[in-house]
Amino acid sequence: MTIVISAVNLRKGGTLAILRDCLAALSQLARQRDIRIVALVHKKALAQYDGIEYIELPWSTKSWAHRLWCEYMTMHKISRQLGDIDLWLSLHDTTPRVKARSQAVYCHNSYPFFRWQWRHLWLNYRIVCFALFTKWIYRINIHRNRYIIVQQEWFKAAFQKMFGLRRENIIVARPNAVCNPIPDQRPHDGVYRFIYPAYPDVHKNLECICEAARLLEREMEPSRFEVILTTSACMNPYSQWICRKWADVKSIRFSGFVDREHLNALYAQADCLVFPSWVETWGLPISEFAVTGRPMLLADLPYTHETAAGSRKTAFFNPANASELKEKMKELILGNEQGLQSVAAVHSTPPCAADWPQLFNLILQQ
């Protein structure tokens, strides 16, 4: 059996973790069965495991033109050179034009569901372009796949409707978000601390929490609370706009980009996570902070309800309404947690997989 994994665009962050987890599971599988595994990657050093052949394609990420040429021309040529391929799994949203008995694609780009606004064009036109064109890139060859893999049940329902797919061909494979315990190191200084860890992309909706802080300062002393944002003015045009427009809000602390160790330290000191992002594939900070058992205020959107499933002190708000968020923040500062609730578990409809071994058992069925 020959399995090909294409992942030339997975180079950092959560998507790189997906590639590493996938290849680690295949490396184990190759030790148990007679399987040839070929991985098309940006660079071998990013995810190197025993029992896997690598083809490096670093040039494919130079531009979208290079990426599209790689997906629909180069990969077709490689598939013919490799001979009989039993499964071709694309780990980055696109379905390449290849010669294989079976194909599958892992879809983790949620931009098609981002409802962008006109100001986002000049703040970050690339995100708007992704929102406009990603669904068309998804659409190309999507019906060649035997299986489409997504991370959440709402994503499955949305894909079924958007592309006319059958539910039995969409697998929900939730990421294994292994989150370390976070100690309680909150200072006893009378300051209630909110944290929103997010890179300043326009879909992160930083303006909602910033405006909520401004409104809150009109009703209580800013010394009573603090809003920690992991951004700074120098990161991109959107962060410059955020820092300039809400520069007069004393309760906001722009910490700048932080590494994992520093972020865990901020989590340890925070009383509440706020997450107003418009769209996410998962929303890892929700999983990371939920282990503390402390309050979370989350955008009332499908992805947050799934990611926060099982949390005990959670409230949801309209991410377009800073006044609503302000009221929920105010209640927590005053010590009133009556508006918080437990979030019910979300059960995935079959087919679904709890980990990579289960996923490969599904997609390798003949």
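The table below lists the values:
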quantity	calculated
Residue in the stretch 79-105 that is nearest to Phe130 (Cα to Cα), counting only those that are touching a residue at least 60 places away in the same chain (Cβ under 8 Å) and assigned to a helix (DSSP H, G or I)	Ser79
Residue match in the stretch 213-228 (condition: under 24 Å from Phe114 (Cβ atoms) and at pLDDT 90 or above)	yes
Options Arg115, Arg97; residue that is among the basic types (Lys, Arg) and under 25 Å from the mean Cα position of the chain (by Cα)	Arg115
The stretch 181-203 residues that are assigned by TED's automatic domain parsing to the domain that holds Gly283 and modelled with pLDDT of 90 or more, paired with ones that are part of a loop (DSSP other than H, G, I, E, B) and of a type in the set (Phe, Trp, Tyr) (beta carbon under 7 Å, 6 or more apart)	His203/Phe114; His203/Trp278
Filtered residues of the stretch 266-286 (kept if assigned to a helix (DSSP H, G or I), surrounded by 15 or more Cβ atoms within 10 Å (Cβ to Cβ) and not β-branched (Val, Ile, Thr))	Leu266, Tyr267, Gln269, Leu284, Pro285
Filtered residues of the stretch 59-77 (kept if surrounded by 13 or more Cβ atoms within 10 Å (Cβ to Cβ), free of Cβ contacts under 8 Å to residues at least 12 places away in the same chain and either touching an Asp or Glu at 6+ places or on another chain (Cβ under 8 Å) or farther than 20 Å from Gln103 by Cα (or both))	Trp59, His66
Extreme residue, surrounded by the most Cβ atoms within 10 Å (Cβ to Cβ), among residues of the stretch 120-145 that are free of Cβ contacts under 8 Å to residues at least 40 places away in the same chain and charged (D, E, K, R)	Lys135
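Per-residue answers, yes or no, for (1) touching a His at 6+ places or on another chain (Cβ under 9 Å); (2) surrounded by fewer than 19 Cβ atoms within 10 Å (Cβ to Cβ):
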| position | (1), (2) |
| --- | --- |
| Gly13 | no, yes |
| Ile18 | yes, no |
| Gln32 | no, yes |
| Lys43 | no, yes |
| Leu57 | yes, no |
| Leu82 | no, yes |
| Leu89 | no, no |
| Lys99 | yes, yes |
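A quick yes/no check of all residues on (1) at pLDDT below 95; (2) closer than 26 Å to Lys12 by Cα:
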| residue | (1), (2) |
| --- | --- |
| Ala65 | yes, yes |
| Glu71 | yes, yes |
| Lys77 | no, no |
| Thr94 | yes, yes |
| Gln103 | no, yes |
| Pro112 | yes, yes |
| Arg115 | yes, yes |
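The values are calculated or read from the model by the stated rules, or taken from the named source; none is laboratory data. Predicted, not measured: the structure shown is a model, and the values here were computed from it. Every residue, glycine among them, receives a Cβ derived from its backbone with ideal geometry; neighbour counts consider all protein chains shown.
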